Amino acid sequence: MGIPSEKIAMAIMDQDEDDHQASSEVLTLEQAARLLAISTRTLERYVENSLVPHIELKIKGGSRGIIRFLRSELLKWMRQQQVKPVRWRGQGRVE
């Protein structure tokens, strides 16, 4: 007695969806810059100064690897950069 073909089809569809989600999670420099609404050069400077979370895939014999970003980590990093507003009432400061 084998596995019903419907279950096999569902398992394949689930795997395809997982693969698609994983591939859309990993971003190139251009995609990450677009997500952050900054120029690629600005993002390159952030990477050079380790200001933004990124992944560097080392290339054998190369001085610099391929840079990739995780969408979820960039969104988390953006939330951490948020500056909380300080409200002012007259002369006194209210937080």
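Brief remarks on what is shown
- Here Ser50 does not qualify as polar (S, T, N, Q), at pLDDT 90 or above and assigned to a helix (DSSP H, G or I).
- Close pairs (7 angstrom Cβ cut-off, 6 or more residues apart or separate chains): closer than 12 Å to Leu70 by Cα in segment 29-45, surrounded by 13 or more Cβ atoms within 10 Å (Cβ to Cβ) and basic (Lys, Arg) anywhere: Leu35/Arg71
- The listed residue being modelled with pLDDT under 95 and of a type in the set (Ser, Thr, Tyr), out of Ser39, Ser23, Ser72: Ser23
- Taken over segment 34-45, the residue count meeting the criterion of being over 14 Å from the mean Cα position of the chain (by Cα) and not in a loop (DSSP other than H, G, I, E, B) is 5.
- Matching residues in segment 53-72 - criterion: being surrounded by 14 or more Cβ atoms within 10 Å (Cβ to Cβ) and outside any loop (DSSP other than H, G, I, E, B): Ile67, Arg68, Phe69, Leu70, Arg71
The values are calculated or read from the model by the stated rules, or taken from the named source; none is laboratory data. A quick note: this is a predicted structure, and the numbers were derived from the prediction, not measured. In this analysis, Cβ positions are derived from the backbone assuming ideal geometry, glycine residues included, and neighbour counts consider all displayed protein chains.
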